[in-house]
1. If each Cα of the chain is one equal point scatterer, what is log10 of I(q)/I(0) from the Debye formula at q = 0.08, 0.15, 0.16 Å⁻¹?
2. Can you tell me how the range 9-82 classifies by the Cα gyration tensor, rounded, prolate or oblate, using a/c under 1.5 as the rounded cut?
3. Cα atoms only: what Rg and Dmax, in Å, come out for the range 115-175?
4. Could you tell me what % of all Cα pairs in the range 1-144 have separations over 22 Å?
5. Whole number in Å², please: accessible area per residue of the chain, 1.4 Å probe, ligands, DNA and RNA not counted.
6. Can you tell me the 0 to 90 degree angle between the C-alpha axis of helix 270-287 and the longest principal axis of the chain, rounded to 10?
7. In degrees between 0 and 90, to the nearest 10, how far off the longest principal axis of the chain does helix 13-33 point, with axes built from Cα atoms?
8. Any lysines with Cα under 21 Å of the residue 229 Cα? List them, leaving off those in the same chain fewer than 8 positions away.
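The values are calculated or read from the model by the stated rules, or taken from the named source; none is laboratory data. Fair warning: this is a prediction, and the values are worked out from it, not measured in the lab. These accessible areas exclude ligands, DNA and RNA; they are computed on the full protein's heavy atoms, side chains included. Shrake-Rupley method; radii C 1.70, N 1.55, O 1.52, S 1.80 Å.
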Amino acid sequence: MEMASSAGAIIDGKRIAAEVRRSVREHVADLTRRELRPPRLALILVGDDPASHIYVRNKSRACERAGIAYLDIRLPEDTPGERLLEQVDELNHDDTVDGILVQLPLPGPLRHLEPAVMERVEPSKDVDGFHPENMGRLLLGQPGFVACTPLGILFLLEQTGVPLEGAHAVVIGRSVTVGRPVAALLLHRHATVTICHSRTLDLPGHVRRADIVVAAAGKPNLVRGDWIKPGAAVIDVGINRTEQGLVGDVVFDEARQRASHITPVPGGVGPMTIAMLLQNTLRARTMHR
Ligand code: NAD
């Protein structure tokens with residue numbers, strides 16, 4: 001059908017994530033048919049943060065639907081750090097557990113232990129991809145677990161069919177969970193990558209030269225439509241709660257007029273994260289025979 005305007009195509013993260021989840025479910029069903037055990041993911045939640053509770057519930061539901069077994073481990077807010085580390089050790093040694101996910105952020109008194117906890121998870125069970133060994137493997141281009149949101153971003157870009165090789169990709173944000181790993185993934189696909197952050201001078205100038213924009217700053221409406229190079233692909237990772245509701249880092253209506261492809265918020269990158277967690281857990285299962 002002829003399009004009335006030249007607005008960019010919306011990248012339907014919900015649909016693409018559903019396809020990934022279906023593929024995982026089929027693989028799990030195949031294991032069960034062959035009388036092999038399904039993958040098993042341990043989800044550790046410490047404390048009472050309401051948002052973390054919702055995230056863990058969404059993850060456990062997604063596991064259920066994919067046929068992935070899960071262990072729901074809840075620890076009180078005042079859990080001593082040693083106890084949390086012992087819990088991780090127990091799961092590391094449990095041959096029936098393929099993946100271990102410690103929901104972040106940890107509550108205030110344990111926050112300083114986050115790096116130690118990430119490092120305690122056995123790298124072959126680190127389905128979140130936050131262990132220094134897996135981060136290092138990513139930089140080295142060696143096989144390992146990659147964080148779920150960056151994996152989801154790359155998957156969406158690959159689905160659009162836009163060429164990555166030789167493209168100029170501008171990543172806004174340098175966090176260890178999103179910006180840095182996504183930059184490494186793009187580099188492996190032979191993009192020329194610029195990483196921008198809060199101290200970058202002339203952010204609009206960088207974005208204007210980008211064939212691919214990945215916005216992961218967590219700042220509502222940071223990226224304006226007139227910054228977007230005509231025909232660029234725009235991936236909006238931001239999830240910002242505002243009085244206008246949930247918005248991304250990109251002014252969607254403006255940017256869509258110039259982009260070739262663009263993700264909505266919500267319904268773009270968001271649904272991909274859990275889909276990639278399921279995929280990583282299935283992969284962990286194939287590593288633990
Ligand atoms: P973060 O706060 O850890 O990092 C933000 C990064 O953006 C920093 O590197 C900072 O330097 C940079 N930044 C901040 N303001 C900037 C500015 N004005 N100009 C340029 N750079 C700027 O955040 P994060 O954990 O990387 O998350 C980023 C956003 O993505 C958040 O909105 C978060 O909610 C969202 N997020 C979504 C998903 C998902 O969709 N599943 C997953 C993770 C994070």
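1. So the normalised log intensities are -0.35, -1.17, -1.29.
2. Verdict is oblate for the range 9-82.
3. Every Cα atom of the range 115-175 included, Rg and Dmax give 13.5, 39 Å.
4. Counting pairs separated by more than 22 Å, the tail of P(r) holds 51 percent.
5. Values: 14090 Å² over 289 residues.
Spelled out: the 1.4 Å probe surface of the chain, per residue, equals 49 Å².
6. That works out to roughly 40 degrees.
7. Computed tilt is about 30 degrees.
8. Those lysines meeting the cut-off are 219.
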